[in-house]
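One structure is given here, and the rest of the page talks about it.
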């Protein structure tokens, strides 16, 4: 999976547009919030954690690769192709 994007910042943005808190998400994944953020950026755990987080939030995993963004209305929309 492409790591050119700050997964931690993307997660924070996604949580701002979600009814789920970081504590609830971490609990669902059996992690603490700190461990969730650590695993998100980890070489070993990152891809698996991205998939679990995306599933937990109901968003596409490609959001974490910059293929989607939240518009001014808070809707998740595809990014414009480059």
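Just so it is clear, none of the values below were taken in a lab; they were calculated from the coordinates. Only a predicted model underlies this, so the values are computations on that prediction, with no experimental measurement involved. Reconstructed Cβ throughout: ideal geometry from the backbone, glycine too, with neighbour counts over all protein chains shown.
I'd like to check something: does the range 23-42 contain any residue that is assigned to a helix (DSSP H, G or I), closer than 20 Å to residue 66 by Cβ and in contact with a strand residue (DSSP E or B) (Cβ under 7 Å, 6 or more places away or on another chain)?
No, that holds for no residue.
Among what's in the range 2-22 and is loosely packed, with under 14 Cβ neighbours inside 10 Å and in contact with a helix residue (DSSP H, G or I) (Cβ under 6 Å, 6 or more places away or on another chain), pick the residue that is nearest to residue 68 (Cα to Cα).
2
Here are the criteria: (1) touching a helix residue (DSSP H, G or I) at 6+ places or on another chain (Cβ under 8 Å); (2) surrounded by fewer than 16 Cβ atoms within 10 Å (Cβ to Cβ). Tell me which single one residue 26 does not satisfy.
All conditions are met except number (2).
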